[in-house]
Structures are given as C-alpha cells and as structure tokens.
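Q: First, the structure itself, so that you have it in front of you.
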C-alpha cells in the first residue's frame, strides 16, 4: 500500500477536540532532515562518523524518493510515472557530473563517459536482469510488451553508438575525443532522439509501454487500474518531496565523493571506478522502484524504468556536457575502450534476444546479471 503525501499531515483530536497533533511521515521527514544535514556538512572534510551519518541519510533519501515517486506514478499512470523518476534522477545526475568535472582531479576527463556507461550497464543488465529474475521466480515466465521494450532498446543502441562508440574512431581530435563540431552534432542528435522517444512513449504509442498482466494476474491489474488515484494535491506534494529527495541524494553523494575517491585510491582501484560508484548511488531509486514493480508482476514498468533511465542518462547528459565544455577546462573523452565496447555489444545482443519474444524466463535475468557482474569485476580489475 502506497504511503501518499496526502496522508502527510493527519490530525488527531484529543480531549474536547481543542488540541491537535500533526504527524509527519518519514517520506517527508527524511528528505527534509537530509537537506539540513547536507547544509551542515557542505564543504567540510568528513571524518568517519560524519561520513557514516551522511551515508545513512543518503540511503533514507533514496528510499523516500522511491515512495514519493510511486505516489506520482499512481496519479499520472504509466508510462508517465517511470518517465518522471528517470528524468528527475538524470537531471540531477547531470548536474553532479558537470560539477565534479569542473572541480577536476584524477579521471575528470573521462568522468562523463564512465558515469554514463556505468548507468547504461547498471540499468540494462543490473536493473533489468534483477527485475526479470524476480518476476520469473514468482510467475515462471515473465510477460511484457515487445514493441515498447524493443523501441526503447533500438533508441538506446543508436544513442550509445553515436555518443560513446564513434568518438573512438573519429580522426578530428585525440583518441576518444570529438571535435567541437562533432560534439555539437552528437549533442543535438542525442537530445532529438530522446525527445522523439518520449513523444512515442507518452503520446503516439503509449499502449506499447503499459504493464502486461502475468499469468493468473489479470484480476490484480484490473483492481489496481480501477483503484482511486491520489489527489492532485497529494501528487504535487509527493513530486516536490521527490525532487527534494533526489537533491539530497546527489548532494550527499557529492559530499561523500572525496571519501569515496580516497577509499578507491587506498584500495588500489582505478580512478574510473568513481564513476561506477556515482552511478550506483544515483540509480538507487530506480533500482528499488523496478524491484517493487517486478514483485507485483509489472515487468513492463521495470523495463520502462531500466531503459528509460539509460536513455535519459545519454540523451540528457551528452547535450549538457557539450554545453558545459565551453567553460570546463581540459579534455573531454567520450569514446569507449575496447573492453567497454565488447560489454556494450554483448549487452545489446542479449537484450535484443530478451525483448523480441515479449517473454523471458529466469535464464535471461541471470544472463544479464552475469554481464553486470563482469562489468563490475573488470571495472575493479581492468
């Protein structure tokens, strides 16, 4: 049962009805307190205790973001709910990437590439694989809409190739870099493709992205579709709390990033692993939301979140980075390395074989999770 923001201020009458006590749920309290914590620790060197406190509120903000996103989704319906969460997270992720690149440091030139590629692998293999595995464990064979998932995968493959693969093979700049003109083209093409996909998902062919009932689940989906949605006021409050939660997630992640960088270096890991950590933290809300949807048999919603987050990550990050490159000093390396391109090709092939039939078993989920594990292992031990 959803915790709606409409229930945020409930009034309990005491005695003769004169005194009233207001209760604020954790979905509102945690993000607000997290912002206060963020303001108190901003710019300070975190000792282990402060780092632990910040990490605790970071996790709480992720959980609150998922709860508030579900309220918004219950009001606007699919696929708008998935789009709201994916786009909101990505916008703040872009701001974090740009800020960290502006600060500079080890791996700054490849931070955008590493974070975007990490988001792509985490969503298409980690989130999608986990959702398919959980769904198939409960329903045997998971069912979803091949048209919608296939369209998302085709758009994602095109975006990844134009923005992350081509820079490795162009001759206008050093290895892995676009020239200014090429970067401008990639930015415009990425944004255009993303907007076209959003139009297709929400207007032209919205039915391709609606949840598909699993075997024996038709009555449950019908009951959910006829349930009273939250009020407009409740949805707007939850949307505001969602944005606050995401802001807290990214802000606290930024404050934790020096600690993470020191830990990465101390552990002897490559600097590029910082991008993996950033993507894992920022994609926490989508991961939890996708898992919850999969457990309710809404596999299409899980895939909408996975592919939608990957599309937003590339389609919004590349244009933003192209604009920011005008004042950010230093090179901007977007081209993938050989190992990364192999993992991308493997991901595309497996994903195509997964979505084309419109049904998947536990095997497909496990295959995606193995590719995700291989990516994490190679990021740690390149």
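Q: What's the FRET efficiency of residue 191 with residue 260 using the Cβ-Cβ distance as r and R₀ = 30 Å, to the nearest 0.05?
A: Plugging the Cβ-Cβ distance into 1/(1 + (r/R0)^6) gives 0.50.
Q: Would you kindly state how much longer the chain becomes between residue 353 and residue 374 on full extension, computed as 0.36 nm times their sequence separation minus their alpha carbon distance, in nm to one decimal?
A: Using 0.36 nm per residue and subtracting the Cα-Cα distance, I get 5.6 nm.
Q: Under 10 Å, Cα contacts only: if you run a Gaussian network model on the chain, which one of 320, 42, 69 comes out with the highest mean-square fluctuation?
A: Of the options given, 42 has the highest mean-square fluctuation.
Q: If the elastic network links every pair of Cα atoms under 10 Å, which of 285, 230, 48 fluctuates the most in the Gaussian network model of the chain?
A: It is 48.
Q: Okay, next question. Can you tell me which of 119, 294, 151 moves the most in a GNM of the chain? Springs connect C-alpha atoms under 10 Å apart.
A: 151
Q: Still on this structure, I have one more. Provide the gained length on full extension for the span residue 147 to residue 203, in nm with one decimal, where the gain is 0.36 nm per separating residue minus the Cα-Cα distance.
A: 18.7 nm
Q: While we're on this one: Would you calculate the separation in nanometres between label points at residue 59 and residue 45, each defined as 7 Å from the Cα along the Cα-to-beta-carbon direction?
A: About 2.7 nm, to one decimal.
Q: Further question on the same structure: I want to check the label-to-label distance for residue 346 and residue 33. Put each point 7 Å from Cα in the C-beta direction and report it in nm to one decimal.
A: 4.3
Q: Here's another thing I want to ask about it. Just the ratio, please: alpha-carbon radius of gyration of region 286-379 over 2.2 N^0.38 Å, N its number of residues.
A: 1.31
Q: Moving on. Kindly give the semi-axes, whole Å and largest first, of the ellipsoid equivalent to region 5-380, taking each as the square root of 5 times a Cα gyration tensor eigenvalue.
A: On the way: eigenvalues 219, 158, 69 Å².
Rounded to whole Å, the semi-axes are 33, 28, 19.
Q: Can you figure out the FRET efficiency of residue 240 with residue 362, using R₀ = 45 Å and their beta-carbon distance, to the nearest 0.05?
A: 0.70
Every read-out reported here was derived from the displayed coordinates using simple, explicitly stated rules and does not represent laboratory data. On a predicted model such as this, the values are computed, not experimentally measured, just so you know. No Cβ is skipped: glycine too gets one built from the backbone with ideal geometry, and neighbour counts run over all protein chains shown.
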